[in-house]
1. Condition first: assigned to a strand (DSSP E or B) and either within 13 Å of the ligand (Cβ to nearest atom) or farther than 20 Å from residue 61 by Cα (or both). Now tell me which residues in the stretch 118-133 satisfy that.
2. Among residues belonging to the stretch 98-117 that are surrounded by 14 or more Cβ atoms within 10 Å (Cβ to Cβ) and part of a loop (DSSP other than H, G, I, E, B), point out the one that is modelled with the lowest pLDDT.
3. Check every one of the strands (runs of 3 or more DSSP E) wholly within the stretch 1-86 and list those with 3 or more residues that are exposed (fewer than 15 other Cβ atoms within 10 Å of the Cβ) and at pLDDT 95 or above.
4. Residue under question is residue 199, and the condition is that it be buried (at least 22 other Cβ atoms within 10 Å of the Cβ) and part of a helix (DSSP H, G or I); does it hold?
5. When residue 171 is evaluated against the numbered criteria (1) within 15 Å of residue 252 (Cβ to Cβ); (2) in contact with a helix residue (DSSP H, G or I) (Cβ under 7 Å, 6 or more places away or on another chain), which criterion, by number, is the only one it fails?
6. Considering the stretch 293-318 alone, what residues qualify as being in a strand (DSSP E or B), out of contact with any helix residue (DSSP H, G or I) (no Cβ under 7 Å at 6 or more places or on another chain) and within 16 Å of the ligand (Cβ to nearest atom)?
7. Which residues, counting only those in the stretch 294-316, are touching a strand residue (DSSP E or B) at 6+ places or on another chain (Cβ under 8 Å) and within 20 Å of residue 130 (Cα to Cα)?
8. Are there any pairs with C-beta distances below 7 angstrom linking a residue in the stretch 115-126 that is over 15 Å from residue 205 (Cβ atoms) to a residue that is more than 13 Å from the ligand (Cβ to nearest atom) and not in a loop (DSSP other than H, G, I, E, B), with the two at least 6 apart or on different chains, and if so which?
Ligand SMILES: [Fe+2]
(Lines give C-alpha, C1' and ligand atoms only; values in the text may rest on other atoms or scores of the structure.)
Protein backbone atom coordinates (compact mmCIF):
# COMPACT_ATOMS: atom_id res chain seq x y z
CA UNK A 1 0.00 0.00 0.00
CA UNK A 2 1.54 3.26 -1.11
CA UNK A 3 0.27 6.67 -0.27
CA UNK A 4 1.02 10.24 -1.21
CA UNK A 5 0.13 13.43 0.58
CA UNK A 6 -1.90 16.03 -1.31
CA UNK A 7 -2.19 19.56 0.06
CA UNK A 8 -2.89 23.09 -1.13
CA UNK A 9 -0.11 25.15 -2.69
CA UNK A 10 -1.10 28.08 -0.50
CA UNK A 11 -4.12 28.68 1.72
CA UNK A 12 -5.35 31.70 -0.23
CA UNK A 13 -5.03 30.18 -3.72
CA UNK A 14 -8.12 28.77 -5.46
CA UNK A 15 -5.99 26.48 -7.63
CA UNK A 16 -2.88 24.31 -7.42
CA UNK A 17 -1.80 21.41 -5.24
CA UNK A 18 1.38 20.18 -3.62
CA UNK A 19 2.13 16.46 -3.57
CA UNK A 20 4.74 14.72 -1.43
CA UNK A 21 5.56 11.05 -0.98
CA UNK A 22 6.26 10.29 -4.65
CA UNK A 23 8.23 7.07 -4.98
CA UNK A 24 8.59 4.53 -7.80
CA UNK A 25 6.09 2.30 -6.01
CA UNK A 26 3.66 5.23 -5.87
CA UNK A 27 3.89 6.15 -9.57
CA UNK A 28 3.26 2.52 -10.53
CA UNK A 29 0.24 2.20 -8.22
CA UNK A 30 -3.02 2.63 -10.17
CA UNK A 31 -4.89 4.14 -7.22
CA UNK A 32 -2.15 6.73 -6.71
CA UNK A 33 -2.02 7.50 -10.45
CA UNK A 34 -5.78 8.09 -10.41
CA UNK A 35 -5.43 10.38 -7.40
CA UNK A 36 -2.71 12.43 -9.11
CA UNK A 37 -4.71 12.66 -12.36
CA UNK A 38 -7.82 13.81 -10.48
CA UNK A 39 -5.78 16.38 -8.53
CA UNK A 40 -4.38 17.70 -11.83
CA UNK A 41 -7.88 17.97 -13.36
CA UNK A 42 -9.30 19.73 -10.31
CA UNK A 43 -6.43 22.02 -9.35
CA UNK A 44 -4.67 22.79 -12.66
CA UNK A 45 -1.10 22.88 -11.26
CA UNK A 46 0.60 20.12 -9.30
CA UNK A 47 3.93 20.75 -7.56
CA UNK A 48 5.72 17.49 -6.77
CA UNK A 49 8.19 17.96 -3.91
CA UNK A 50 11.21 15.80 -3.06
CA UNK A 51 11.02 13.57 -6.11
CA UNK A 52 13.87 11.56 -7.56
CA UNK A 53 15.62 14.04 -9.89
CA UNK A 54 15.96 11.78 -12.93
CA UNK A 55 14.72 11.75 -16.49
CA UNK A 56 12.94 8.44 -15.86
CA UNK A 57 10.90 9.97 -13.04
CA UNK A 58 10.22 13.04 -15.18
CA UNK A 59 8.71 10.85 -17.90
CA UNK A 60 6.89 8.63 -15.42
CA UNK A 61 5.15 11.56 -13.68
CA UNK A 62 4.33 13.18 -17.02
CA UNK A 63 2.68 10.03 -18.37
CA UNK A 64 0.19 10.08 -15.52
CA UNK A 65 -1.36 13.17 -17.15
CA UNK A 66 -1.51 11.49 -20.57
CA UNK A 67 0.55 10.11 -23.44
CA UNK A 68 3.66 12.10 -24.25
CA UNK A 69 4.62 13.70 -27.49
CA UNK A 70 7.25 11.47 -29.04
CA UNK A 71 10.55 12.56 -30.40
CA UNK A 72 11.48 10.35 -33.36
CA UNK A 73 15.18 11.16 -33.11
CA UNK A 74 15.43 10.97 -29.38
CA UNK A 75 17.03 7.54 -29.21
CA UNK A 76 20.03 8.84 -31.09
CA UNK A 77 20.10 12.35 -29.66
CA UNK A 78 21.74 11.38 -26.42
CA UNK A 79 24.74 9.25 -25.74
CA UNK A 80 22.81 7.00 -23.44
CA UNK A 81 19.01 7.09 -23.59
CA UNK A 82 17.66 6.56 -20.12
CA UNK A 83 14.23 5.28 -21.05
CA UNK A 84 14.46 2.14 -23.13
CA UNK A 85 11.37 2.08 -25.28
CA UNK A 86 10.81 2.21 -29.05
CA UNK A 87 9.49 5.76 -28.98
CA UNK A 88 11.31 8.34 -26.87
CA UNK A 89 9.31 11.25 -25.48
CA UNK A 90 10.23 14.74 -26.51
CA UNK A 91 12.09 16.78 -23.93
CA UNK A 92 12.32 20.51 -24.56
CA UNK A 93 15.40 22.27 -23.22
CA UNK A 94 14.55 25.72 -21.90
CA UNK A 95 17.65 27.87 -21.56
CA UNK A 96 17.12 31.32 -23.17
CA UNK A 97 20.77 32.34 -22.82
CA UNK A 98 21.43 35.68 -24.49
CA UNK A 99 17.87 37.02 -24.41
CA UNK A 100 18.15 40.11 -22.24
CA UNK A 101 15.40 42.46 -21.09
CA UNK A 102 15.37 45.66 -19.08
CA UNK A 103 12.48 45.00 -16.70
CA UNK A 104 11.80 48.21 -14.85
CA UNK A 105 15.51 48.86 -14.44
CA UNK A 106 16.50 45.23 -13.68
CA UNK A 107 18.54 43.56 -16.44
CA UNK A 108 17.30 39.98 -16.73
CA UNK A 109 17.64 36.87 -18.84
CA UNK A 110 15.15 33.99 -19.07
CA UNK A 111 12.23 36.39 -18.67
CA UNK A 112 9.02 35.36 -20.40
CA UNK A 113 5.66 37.17 -20.32
CA UNK A 114 2.34 35.46 -19.55
CA UNK A 115 1.35 32.93 -22.20
CA UNK A 116 0.07 29.45 -22.86
CA UNK A 117 2.23 27.08 -24.88
CA UNK A 118 1.61 26.59 -28.61
CA UNK A 119 -1.05 29.34 -28.81
CA UNK A 120 0.39 30.10 -32.26
CA UNK A 121 -0.78 26.78 -33.67
CA UNK A 122 -4.17 25.14 -34.09
CA UNK A 123 -3.80 22.35 -31.53
CA UNK A 124 -3.15 22.89 -27.87
CA UNK A 125 -1.13 20.28 -26.02
CA UNK A 126 -2.75 19.09 -22.83
CA UNK A 127 -0.02 19.75 -20.31
CA UNK A 128 3.66 19.90 -19.55
CA UNK A 129 5.92 18.89 -16.71
CA UNK A 130 8.91 21.07 -15.87
CA UNK A 131 12.06 19.78 -14.24
CA UNK A 132 14.96 22.01 -13.16
CA UNK A 133 18.43 21.06 -14.40
CA UNK A 134 20.28 24.19 -13.36
CA UNK A 135 18.65 26.89 -11.27
CA UNK A 136 19.90 30.35 -10.35
CA UNK A 137 20.37 31.10 -6.63
CA UNK A 138 17.86 33.94 -6.90
CA UNK A 139 15.00 34.77 -9.30
CA UNK A 140 14.26 32.31 -12.09
CA UNK A 141 10.76 31.55 -10.84
CA UNK A 142 7.95 30.16 -12.97
CA UNK A 143 4.59 31.91 -12.56
CA UNK A 144 1.20 30.24 -13.00
CA UNK A 145 -2.19 31.98 -13.25
CA UNK A 146 -5.48 30.12 -13.39
CA UNK A 147 -7.94 30.84 -16.21
CA UNK A 148 -10.88 29.80 -14.02
CA UNK A 149 -9.84 32.31 -11.35
CA UNK A 150 -9.33 34.93 -14.07
CA UNK A 151 -12.73 34.33 -15.63
CA UNK A 152 -14.38 34.87 -12.26
CA UNK A 153 -12.21 37.88 -11.35
CA UNK A 154 -12.31 40.14 -14.42
CA UNK A 155 -14.96 42.83 -14.72
CA UNK A 156 -18.41 41.52 -15.76
CA UNK A 157 -18.39 44.03 -18.65
CA UNK A 158 -15.19 42.57 -20.13
CA UNK A 159 -16.43 39.02 -19.50
CA UNK A 160 -19.56 39.82 -21.49
CA UNK A 161 -17.62 41.48 -24.33
CA UNK A 162 -15.23 38.54 -24.75
CA UNK A 163 -17.67 35.66 -24.22
CA UNK A 164 -17.94 34.90 -27.97
CA UNK A 165 -14.70 36.47 -29.21
CA UNK A 166 -11.70 34.66 -30.58
CA UNK A 167 -8.08 35.74 -30.44
CA UNK A 168 -5.68 35.52 -33.38
CA UNK A 169 -2.11 34.44 -32.57
CA UNK A 170 1.04 34.62 -34.65
CA UNK A 171 4.31 32.93 -33.73
CA UNK A 172 6.27 36.02 -34.87
CA UNK A 173 4.73 38.32 -32.22
CA UNK A 174 7.13 37.58 -29.39
CA UNK A 175 10.15 39.26 -27.83
CA UNK A 176 10.48 42.78 -29.36
CA UNK A 177 7.48 42.06 -31.62
CA UNK A 178 4.97 41.52 -28.77
CA UNK A 179 1.87 43.63 -29.50
CA UNK A 180 -0.28 43.26 -26.39
CA UNK A 181 0.21 43.25 -22.65
CA UNK A 182 3.85 44.27 -22.58
CA UNK A 183 4.36 45.31 -18.94
CA UNK A 184 5.20 48.96 -18.33
CA UNK A 185 8.91 49.88 -18.49
CA UNK A 186 9.98 46.56 -20.07
CA UNK A 187 12.27 46.76 -23.09
CA UNK A 188 14.20 43.99 -24.86
CA UNK A 189 17.92 44.80 -25.02
CA UNK A 190 19.02 41.80 -27.09
CA UNK A 191 17.93 38.40 -28.28
CA UNK A 192 20.12 35.36 -28.90
CA UNK A 193 21.07 34.17 -32.38
CA UNK A 194 18.74 31.21 -31.84
CA UNK A 195 15.76 33.48 -31.17
CA UNK A 196 16.67 35.76 -34.12
CA UNK A 197 16.70 32.70 -36.41
CA UNK A 198 13.44 31.44 -34.93
CA UNK A 199 11.76 34.82 -35.53
CA UNK A 200 12.92 34.68 -39.15
CA UNK A 201 11.31 31.24 -39.53
CA UNK A 202 8.06 32.63 -38.07
CA UNK A 203 7.71 35.25 -40.81
CA UNK A 204 4.90 34.25 -43.14
CA UNK A 205 3.68 31.44 -40.87
CA UNK A 206 -0.05 30.78 -40.60
CA UNK A 207 -1.87 32.39 -37.71
CA UNK A 208 -4.07 30.49 -35.27
CA UNK A 209 -7.44 31.36 -33.75
CA UNK A 210 -8.55 30.34 -30.24
CA UNK A 211 -11.57 31.33 -28.13
CA UNK A 212 -10.87 33.88 -25.40
CA UNK A 213 -13.25 31.99 -23.10
CA UNK A 214 -14.14 28.32 -23.17
CA UNK A 215 -16.08 25.89 -20.97
CA UNK A 216 -14.47 22.84 -19.37
CA UNK A 217 -16.34 19.54 -19.20
CA UNK A 218 -16.47 20.22 -15.43
CA UNK A 219 -18.71 23.22 -16.27
CA UNK A 220 -16.20 25.90 -15.29
CA UNK A 221 -15.47 28.74 -17.67
CA UNK A 222 -11.83 29.52 -18.45
CA UNK A 223 -10.43 32.86 -19.58
CA UNK A 224 -7.55 31.68 -21.74
CA UNK A 225 -5.74 34.54 -23.42
CA UNK A 226 -2.03 34.81 -24.12
CA UNK A 227 -0.80 38.41 -24.53
CA UNK A 228 2.49 36.94 -25.90
CA UNK A 229 1.99 36.23 -29.61
CA UNK A 230 -1.53 37.75 -29.73
CA UNK A 231 -2.20 39.51 -33.05
CA UNK A 232 -5.67 40.85 -32.27
CA UNK A 233 -9.34 39.95 -31.97
CA UNK A 234 -10.62 37.80 -34.82
CA UNK A 235 -12.84 39.89 -37.10
CA UNK A 236 -11.88 43.07 -35.24
CA UNK A 237 -8.29 43.64 -36.30
CA UNK A 238 -8.58 47.39 -36.03
CA UNK A 239 -7.79 50.13 -33.56
CA UNK A 240 -10.95 49.65 -31.52
CA UNK A 241 -10.40 45.90 -31.33
CA UNK A 242 -6.74 46.34 -30.40
CA UNK A 243 -7.65 48.73 -27.59
CA UNK A 244 -10.14 46.21 -26.25
CA UNK A 245 -7.57 43.38 -26.25
CA UNK A 246 -5.02 45.62 -24.53
CA UNK A 247 -7.65 46.49 -21.93
CA UNK A 248 -8.25 42.76 -21.32
CA UNK A 249 -4.49 42.09 -21.07
CA UNK A 250 -4.13 44.78 -18.39
CA UNK A 251 -7.24 43.47 -16.60
CA UNK A 252 -5.67 39.98 -16.55
CA UNK A 253 -2.54 41.36 -14.89
CA UNK A 254 -4.58 43.42 -12.42
CA UNK A 255 -6.94 40.62 -11.36
CA UNK A 256 -4.76 37.50 -11.44
CA UNK A 257 -3.80 35.67 -8.26
CA UNK A 258 -0.61 34.07 -9.52
CA UNK A 259 1.55 31.42 -7.94
CA UNK A 260 5.31 31.85 -8.45
CA UNK A 261 7.28 28.67 -8.06
CA UNK A 262 10.78 28.97 -6.61
CA UNK A 263 12.64 25.91 -7.83
CA UNK A 264 14.40 23.33 -5.70
CA UNK A 265 16.46 20.63 -7.45
CA UNK A 266 14.02 17.87 -6.47
CA UNK A 267 10.83 19.64 -7.67
CA UNK A 268 8.77 18.88 -10.73
CA UNK A 269 5.67 20.84 -11.77
CA UNK A 270 2.76 19.62 -13.89
CA UNK A 271 0.34 22.20 -15.31
CA UNK A 272 -2.78 22.24 -17.48
CA UNK A 273 -2.03 24.13 -20.72
CA UNK A 274 -5.75 24.40 -21.57
CA UNK A 275 -6.52 26.24 -18.35
CA UNK A 276 -3.46 28.08 -17.03
CA UNK A 277 -1.20 30.78 -18.38
CA UNK A 278 2.40 30.85 -17.20
CA UNK A 279 5.45 33.13 -17.20
CA UNK A 280 9.09 33.23 -16.15
CA UNK A 281 10.27 35.92 -13.75
CA UNK A 282 13.79 36.11 -15.20
CA UNK A 283 17.13 36.15 -13.41
CA UNK A 284 20.49 37.87 -13.38
CA UNK A 285 22.26 36.99 -16.66
CA UNK A 286 25.36 35.93 -14.70
CA UNK A 287 23.48 32.80 -13.58
CA UNK A 288 22.51 29.90 -15.83
CA UNK A 289 18.93 28.65 -15.80
CA UNK A 290 18.06 25.40 -17.51
CA UNK A 291 14.75 23.59 -17.26
CA UNK A 292 13.44 20.66 -19.25
CA UNK A 293 9.80 20.18 -20.22
CA UNK A 294 7.84 17.18 -21.38
CA UNK A 295 4.76 17.70 -23.53
CA UNK A 296 1.56 15.79 -22.81
CA UNK A 297 -0.39 15.22 -26.03
CA UNK A 298 -3.96 16.32 -26.56
CA UNK A 299 -6.17 18.91 -28.12
CA UNK A 300 -9.21 20.68 -26.73
CA UNK A 301 -10.61 20.91 -30.26
CA UNK A 302 -11.49 24.62 -30.19
CA UNK A 303 -8.52 26.09 -32.04
CA UNK A 304 -7.96 26.45 -35.77
CA UNK A 305 -5.74 28.13 -38.27
CA UNK A 306 -7.08 31.44 -39.55
CA UNK A 307 -9.51 30.44 -42.28
CA UNK A 308 -8.80 31.56 -45.83
CA UNK A 309 -5.30 32.86 -45.09
CA UNK A 310 -2.32 31.11 -46.62
CA UNK A 311 1.04 30.62 -44.96
CA UNK A 312 3.53 27.97 -43.96
CA UNK A 313 3.21 25.88 -40.81
CA UNK A 314 4.53 27.72 -37.77
CA UNK A 315 7.90 26.40 -36.59
CA UNK A 316 7.81 24.31 -33.46
CA UNK A 317 9.35 26.04 -30.48
CA UNK A 318 10.00 25.39 -26.83
FE1 LIG B 1 5.80 28.27 -21.92
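The values are calculated or read from the model by the stated rules, or taken from the named source; none is laboratory data. Just so it is clear, the model here is predicted, and its values are computed rather than measured. No Cβ is skipped: glycine too gets one built from the backbone with ideal geometry, and neighbour counts run over all protein chains shown.
1. Looking only at the stretch 118-133, we keep the residues that are assigned to a strand (DSSP E or B), and these are 127-133.
Correct list: 127, 128, 129, 130.
2. Among them, the one singled out is 98.
3. Numbers: elements: 5-8, 17-20, 45-48.
Hits in the stretch 1-86: 5-8.
4. On the way: buried (at least 22 other Cβ atoms within 10 Å of the Cβ): no; part of a helix (DSSP H, G or I): yes.
No; evaluated as a whole, the condition is false for this residue.
5. Tallying (1) within 15 Å of residue 252 (Cβ to Cβ); (2) in contact with a helix residue (DSSP H, G or I) (Cβ under 7 Å, 6 or more places away or on another chain), residue 171 fails exactly one: (1).
6. Filtering the stretch 293-318 down to residues in a strand (DSSP E or B) leaves 293-296, 304-305, 312.
From what's left, out of contact with any helix residue (DSSP H, G or I) (no Cβ under 7 Å at 6 or more places or on another chain): 293, 295, 304-305, 312.
Correct list: 293, 295.
7. 294, 295, 296, 297, 298 - these are the residues of the stretch 294-316 that are touching a strand residue (DSSP E or B) at 6+ places or on another chain (Cβ under 8 Å) and within 20 Å of residue 130 (Cα to Cα).
8. The qualifying pairs are 125/296; 126/65; 126/296.
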